[in-house]
Amino acid sequence: MQKDTKKIVGLKPLIGYLRPYSKQIIAALIALTFTAGITLSLGQGIRILVDQGFSGSPEDLNYAVSIFLVLAVLLALGTFVRFFLVSWIGERVCADLRKAVFNHVVGLHPSFFESNGSGEIQSRITTDTTLLQSVIGSSVSIALRNILMFIGGVIWLLITNVKLTAIVLISVPLVLVPIIFFGRRVRKLSRSSQDRVADAGSYVGEALRNIKTVQAFNHQAADRQRFDQYAEDAFNVAVRRITQRSWLSTIAITLVLGSIGGMIWVGGNDVVKGVMSAGELAAFLFYAMMVAVSVAAVSEVIGELQRAAGATERLMELLAADNLISAPAQPALLPEPLRGQLELQNIHFCYPSRPQQPAVDNLALSIPAGSSMALVGASGAGKSTLFDLILRFYDPQSGGILFDGVDISLLDPQVLRQHIAIVPQQPVLFSGNVWDNIRYGRPDASDEEVKAAAKAAYAAEFIKTLPQAYDSDLGEGGVRLSGGQRQRIAIARAVLKDPEILLLDEATSALDAESEYMVQQALEELMKNRTTLVIAHRLATVINVDNIAVMERGRVVEMGSHSELLGKSPLYARWAKLQFDETALIGDKI
């Protein structure tokens, strides 16, 4: 019991979320106490009905039935108020908790998500809060009500008949111990059964999401065999659960009805002898059942409270997670007007998951305001890491990044990112229409500004052909658009933001020739008169930039224009030869 109590203490953090609704909680407690009192009064209604209604005059019967009906109506009204208030509190606290967790998590530094999977976080925000809603809006109310019913029931038992009460107090533990024992086993098997079903569901989802790959590799037979195993595992656990539940029902019915039979025999003898009336016996049986049911209900609720305590702890872990990238107490201000100059001073950075492996090693770069620079290098050279550092998704272990002469670590990250736009290699679109996705760059933009941005990104023409133009829903991840169309929506988003610094991450690498031409035209318009950093594997897309930095193992090994690098960088010259000289490429393959 002490172990159970320690587990339930994990619910303590919820008090802070319940406190704002103290008036509703007090009203719910009043309604709960009222309904518990009315329920207990039903026992006296039964006593009056049996003793006076069934053995007296028709007037006595009418009186007894009237009292019983009045109690029933009062119970129904009290139950309505209690159920509404308690359910409202559960839903309200659940919504508040969800918002608090999401608002905190969405602002955490990206490295947090290296060790905490998005699926796990999503499960905590949805499943765990739903469990808490059930506990706050139902289980706690059930526990409190049944505690009141137990106390009131025992008092009425003592008032009605002390001898029978002694029999009840002895028999209740004997009845409840085996029921609680089997109940716990059933609960554990229920959880295990849910886990097995979840495994099967997860496998189904993975297979269906990747159905083309499954069929392309003729993997259907293997998948069917594996799913058969998942289904059989779930079935076997379910059979064990059903078996235990069957035993639980059998034992419960036998013990409970046997105990009632024993009380009826003892009480019946007292009725025959005239020691107690038939109505008192009926009322006593009512209260005895009430006490037994209350104890059983509270024992079940304890299990629910333990699960809720675990869910609360998991949610509090998310709320307690520190944000490693946050605004200083007194953020610095950027100069006015902004020019967009970037200075990277001897940057050294390792990802938290790979502390011994530098992603950027003593790197220095200067990008004048309004100029363009391309970052070229093999995969893993540190190009994308530089983008993350400029956006301050991470802080370098040493060195600094200056934005118009101000170290970005002294700025509020949100202020910094207001002046930067990124067009990624795989554009990220969200469920919603065209308006929503372009306005993602500036939510307060007018319709005319959105249309102007779409036109500048060479997206207006294809948008007009969509079923509902700008009101067209793009589906999850923009699935209803082609790759080139998604890319131009992403460019329109950057155009609308009108940033001082533009980050382009291989924005044309996955496109066909015609789409690449359209996107390249849009990018050239977007790059005019703004500081631009371009990650490029295809050198043809960066021939005309102002400067090219050749990167290798987190360092800049050479810098210059395309023509200069052909002469002084063997690494760059080799890439250029492979990409531009088809004859040489064929010769290398041979």
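Label separation (Asp412 vs Ala378): 4.4 nm, computed from points 7 Å beyond Cα along the C-beta direction. Modelled this way, with points 7 Å down the Cα-to-C-beta line, the labels at Thr33 and Gln425 are 6.7 nm from one another. Residue by residue, the range 401-417 carries 3J(HN,Hα) couplings of 10, 9, 10, 6, x, 10, 4, 5, 5, 8, 9, 5, x, 5, 5, 4, 6 Hz when phi is fed to the Karplus relation 6.51 cos²θ - 1.76 cosθ + 1.60 (θ = phi - 60°); x denotes Gly or Pro. Rounded to the nearest whole Hz, the Karplus-based 3J(HN,Hα) values (6.51 cos²θ - 1.76 cosθ + 1.60, θ = phi - 60°) of the range 346-361 follow the sequence 6, 6, 10, 8, 10, 5, x, 7, 9, x, 9, 10, x, 8, 9, 10, with x at glycine and proline. Residues whose amide H falls under 5 Å from that of Leu411, counting only those 5 or more places apart or on a different chain, are Ala332, with hydrogens built in the peptide plane.
Summarising the amide proton neighbourhood of Ser372: residues at separation of 5 or more, or on other chains, whose placed amide H is nearer than 5 Å comprise Thr532, Asp546, Asn547. Applying 1/(1 + (r/R0)^6) with R0 = 41 Å to the Cβ-Cβ distance of Gln356 and Asn433 gives a FRET efficiency near 0.30. Could you pull out the pairs from Lys451/Lys577; Lys12/Lys163; Lys455/Lys568; Lys528/Lys577; Lys23/Lys163; Lys497/Lys577 whose alpha carbons sit more than 32 Å apart here? The pairs that break the limit, which is 32 Å between Cα atoms, are Lys451/Lys577; Lys12/Lys163; Lys455/Lys568; Lys23/Lys163; Lys497/Lys577.
Here the gap between His348 and Ala364, fully extended at 0.36 nm per residue and compared with their Cα-Cα distance, gives a gain of 4.8 nm.
Between the beta carbons of Gln330 and Asp447, assuming R0 = 51 Å, the FRET efficiency works out to 0.85 to the nearest 0.05.
One chain, two ends: Arg245 and Arg574. Fully extended at 0.36 nm per residue, the span grows by 111.2 nm beyond their Cα-Cα distance.
Once the C-beta distance of Asp473 and Glu232 is scaled by a Förster radius of 30 Å, the resulting FRET efficiency is 0.15 to the nearest 0.05. Scanning residues 5 or more positions from Gly441 or on other chains, none has an amide H under 5 Å from its amide H, with H placed 1.01 Å from N in the peptide plane.
What the phi angles of the range 240-245 give under the Karplus curve with 6.51, -1.76 and 1.60, with θ = phi - 60°, is a coupling list of 4, 5, 4, 4, 5, 5 Hz, glycine and proline written as x.
Every read-out reported here was derived from the displayed coordinates using simple, explicitly stated rules and does not represent laboratory data. Note that this is a predicted model, so its numbers are computed, not measured. All Cβ positions, even for glycine, are placed from backbone atoms using ideal geometry, and neighbour counts span all protein chains on display.
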